[in-house]
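Visitor: The structure is given below, and queries will be raised subsequently.
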Amino acid sequence: MDTLGMLHLLKAEPTLMPVAPDDASGEDIERRRRDEVHACLACGERATTALLVQDPHGTWQGKRWLDLCWKDFTRVRTSA
Ligand SMILES: [Zn+2]
């Protein structure tokens, strides 16, 4: 599944997702996941995973953070 399919599955609106720095790396992902508190985009529980998503078609610019709890991360991953 591509990025947009995944966001569709989560009923996520990319333009409402937090903007990530263009040069965000694995280290930034780790820090966001471990040291920061964010709400899961799908259910509002505390997020334990962070993904960087980009629109392959360029209808929105740059990278966005996708914060998910483990349950929703697994749900998305298994349907991908
Ligand atoms: Zn969740």
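Derivation of every value follows stated rules applied to the coordinates shown; laboratory data play no part. If you're wondering where the values come from, they're calculated on a predicted model, not measured in any experiment.
Visitor: Taking the Cα atoms of the chain, report the difference between the largest and smallest coordinate on each principal axis, in whole Å and largest first.
Guide: 31, 28, 20
Visitor: Still on this structure: Residue by residue through the range 27-42, which ³J(HN,Hα) values in whole Hz follow from phi under the Karplus form 6.51 cos²θ - 1.76 cosθ + 1.60 (θ = phi - 60°), with glycine and proline marked x?
Guide: Couplings: 5, 5, 4, 4, 5, 5, 5, 8, 9, 10, 10, 10, 8, 4, 5, 8 Hz.
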